[in-house]
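Note sheet for the following structure.
Just so you know, all these numbers are worked out from the coordinates, no wet-lab data involved. Note that this is a predicted model, so its numbers are computed, not measured. Cβ placement follows ideal geometry from the backbone for every residue including glycine, while neighbour counts extend to all protein chains displayed.
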Amino acid sequence: KPSKQDITKKSFPPGFVFGAGTSSYQIEGAWNEDGKGPSIWDHYCHTYPDKIKFRHNGDVAVNSYHMYEEDVKMLKAMGMGAYRGNAPRWGKSSGYQLLQQPYQQLLENGIKPYVTLFHWETPQALEDEYRSFLSPRIVNDFKDFAEVCFKNFGDRVKHWITFNEPYVFCCNAYGIGKHAPGRCSPGNPCAVPTGDSLAEPYQAGHNLLLAHAEAARLYKKKYQEHQEGQIGIALVSMGYEPFDKTNHVHSQARDRSIDHNLGWFLEPLYRGDYPFSMRSLIRDRLPNFTPEEKAKLQGSYDMLGLNYYTSRFSRHVDYSPLYSPTQYKDDAYAEVGIIGADGQHIGEDTGTGWLCYYPEGLKNLLMVIRDRYGNPPIYITENGVGDQDEGDLSMDNAVNDDVRLNYLNDHIAVVKESIDMGSKVRGHFTWSLLDNFEWQNGFTHRFGLIYVDYNDNLKRHMKNSAKWFSKFNGVDKKDTQVAAGELSNGVP
Ligand code: PNW
């Protein structure tokens, strides 16, 4: 149950940042403007339109490529100190000049850019040429792209995030085929079946980790000293609770679930190899690192991004030779679900089906990172909820978003508690600044603090949660109203 502790930005240590995040394919549009080549998401939505709810796509998205001034005003109206967005899209051959303007605008308004280099948009050319992340060739190509970004924007960008959620990327794009490039293991409905290759998610993850390590190494060697910035990666994890606390097999299952989600990527970065439980269960489908690679991976981050939304119960299932592995069955002989042994739900449904309210899960993960992974500086790079809207949610109802407001309040309160318990969290970014293109769900899941009117020129309106954030961040009520009032007149 939402607890409603009274908490504001002032409850946090000085320097702690609050912000909101987005990703380019989800918001920008302008998919073929200014010399940009197609990404795997352009290709996927155009080639397999039925894979996306209502055949939506990101060709126009919420037009932030052209409406970024609006978006910056909204950040300002909420008193946000930071914005997490994407660098110039990989594969864009020109147009860097244009991207100088949004950065300028952010900085002039006192909003720090936190830039994610990769939020799932591989250039289609690299997919066609060598299957992108399934080939080690991706490592150098990613490093080159990262260098273009460090060189062109490093004077203004002081926080770099190489990859967004390798876990979701590998599982959805290579395991269950729900995301571009749509590859999947047998038994899953997908765009591009990949035979019996159950190793693909692990190969993709492996090359991605090596690409991260090379890009981070380059930044640290060549740019960090004079640009004085930091680099990291944004990992996602659900929280996990044992299905039945009174039976140790379920506590062990819970630990394996954490290993196979957070640990899959964090453990190589922390100590140079995958978790032991993954090695022992996934065996020869899990690639190996050379000693040099291990050394490059270890400690290749100044800070860690953690994306947290929800939690699950983890239930031990016995080994059976009939239990054929698919991507999800690799979750370590642990079945995850929302109902525990005594019938209780992990947390209330918040509106999109998969996302249950369970702030405690965030604290638990932060404690795992504190205790098992060396307690690095952390930014909560995503946290938020979506409302389902298949054309049946009125704007009034969408804007009255108490569920989101309570969810954010309570998760932010838990961040504060975790800091008091020794976790080094340095910032919190709500997902998302705006309603946007929610991947396979098209525009039907609205995650924004800001409502986007799809029936009226993509106009932006503050939801109640956005107004709550203004207060939270100490913005004068009048200033917020002025910003909101101005904006509801609708600039372009
Ligand atoms: C994130 N989970 O994906 C992505 O980074 C965003 O682009 C996306 O819009 C947002 O979440 C909302 O879906 C996730 O199952 C997908 O815990 C699934 C989970 C977490 C994050």
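Table for the structure above
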{"quantity": "Charge dipole of the chain about the Cα centre (unit charges at C-beta), most positive-ward option of I176, A213, Y130", "calculated": "A213"}
{"quantity": "Theoretical gain in end-to-end length, K158 to Q104 [0.36 nm per residue, Cα-Cα removed]", "calculated": "18.1 nm"}
{"quantity": "Dimensionless Rg over Rh [the stretch 8-51; C-alpha; Kirkwood]", "calculated": "1.30"}
{"quantity": "Sequence-distant residues sharing a close amide H with T430 (under 5 Å, placed H)", "calculated": "G19, A20, G21"}
{"quantity": "Distance between modelled label sites at N375 and D420, nm, 7 Å Cα→Cβ extension", "calculated": "1.7 nm"}
{"quantity": "Isolated Cys in the chain, by beta carbon distance under 4.7 Å", "calculated": "C45, C149, C170, C171, C356"}
{"quantity": "Å³ per residue enclosed by the Cα convex hull of the stretch 330-428", "calculated": "150 Å³"}
{"quantity": "Net charge dipole size for the chain [Lys, Arg +1 and Asp, Glu -1 on Cβ; Debye, nearest 20]", "calculated": "1200 debye"}
{"quantity": "Chain lengthening between Q298 and S280 when straightened (0.36 nm per residue, less Cα-Cα)", "calculated": "4.4 nm"}
{"quantity": "For V385, net neighbour charge (Lys/Arg +1, Asp/Glu -1) across residues whose Cβ lies under 9 Å away", "calculated": "-1"}
{"quantity": "Neighbour net charge for A216 - beta-carbon separation under 14 angstrom, K R +1, D E -1", "calculated": "+2"}
{"quantity": "q = 0.11, 0.17, 0.19 Å⁻¹: log10 I(q)/I(0) that the Debye formula gives for the stretch 87-227, counting C-alpha atoms only", "calculated": "-0.45, -0.93, -1.08"}
{"quantity": "For the stretch 363-413, the fraction of alpha-carbon pairs in successive 5 Å shells from zero, as %", "calculated": "5, 15, 20, 17, 13, 10, 8, 7, 5, 1"}
{"quantity": "Alpha-carbon Rg/Rh ratio, for the stretch 108-155, with Rh computed the Kirkwood way", "calculated": "1.10"}
{"quantity": "Ranked by how many other beta carbons lie within 10 Å on average, peptides 285-297, 252-264 from highest", "calculated": "252-264, 285-297"}
{"quantity": "Quotient of C-alpha Rg and 2.2 N^0.38 Å, computed over the stretch 216-289", "calculated": "1.48"}
{"quantity": "Share of alpha-carbon pairs per 10 Å distance bin for the stretch 377-479, given as whole %", "calculated": "14, 43, 30, 12, 1"}
{"quantity": "Magnitude of the charge dipole, the stretch 1-155, Cβ model with Lys/Arg +1 and Asp/Glu -1, debye to 20", "calculated": "800 debye"}
{"quantity": "Test item: Cα-centred dipole of the stretch 184-267, Lys/Arg +1 and Asp/Glu -1 on Cβ, debye", "calculated": "220 debye"}
{"quantity": "Cα convex hull of the stretch 127-199, projected area averaged across orientations, nm²", "calculated": "5.7 nm²"}
{"quantity": "Cut-off under 5 Å, modelled amide H: who pairs with V317 long-range", "calculated": "A334, E335"}
{"quantity": "Helical mean residue ellipticity (222 nm; -39500 (n - 2.57) per DSSP H run of 4+; nearest 500) of the chain", "calculated": "-11000 deg cm²/dmol"}
{"quantity": "Principal semi-axes in Å for the stretch 251-318 [√(5λ), Cα gyration tensor, largest first]", "calculated": "23, 18, 7"}
{"quantity": "Whole-Hz couplings from phi, Karplus 6.51/-1.76/1.60, listed for the stretch 230-236; x for Gly and Pro", "calculated": "10, 9, x, 9, 9, 9, 10"}
{"quantity": "Inter-part distance where the stretch 146-182 and the stretch 243-280 are each reduced to a Cα centre, Å", "calculated": "24 Å"}
{"quantity": "Spatial extent of the stretch 144-247: Rg and Dmax, with the Cα atoms as the point set, Å", "calculated": "17.9, 56"}
{"quantity": "DSSP bridge pairs, the chain: antiparallel proportion in percent, nearest 5", "calculated": "25 percent"}
{"quantity": "DSSP H segments from the chain that extend 24 Å or more along their own axis, Cα-based, with Kyte-Doolittle mean of -0.5 or above", "calculated": "200-218, 402-420"}
{"quantity": "Amide hydrogen neighbours beyond the local backbone of T310, cut-off 5 Å, H modeled", "calculated": "G239"}
{"quantity": "At 1.567 mPa s and 4 °C, Stokes diffusion of the stretch 200-345 via Kirkwood alpha-carbon radius, µm² per second", "calculated": "78 µm²/s"}
{"quantity": "Residues V249 and D349, FRET efficiency given R0 of 25 Å [Cβ-Cβ distance, rounded to 0.05]", "calculated": "0.35"}
{"quantity": "Net +/- balance of residues flanking D420 in space, Cβ distance below 13 Å, scoring K and R +1, D and E -1", "calculated": "+3"}
{"quantity": "Cα principal axis extents for the chain, largest first, Å", "calculated": "64, 52, 47"}
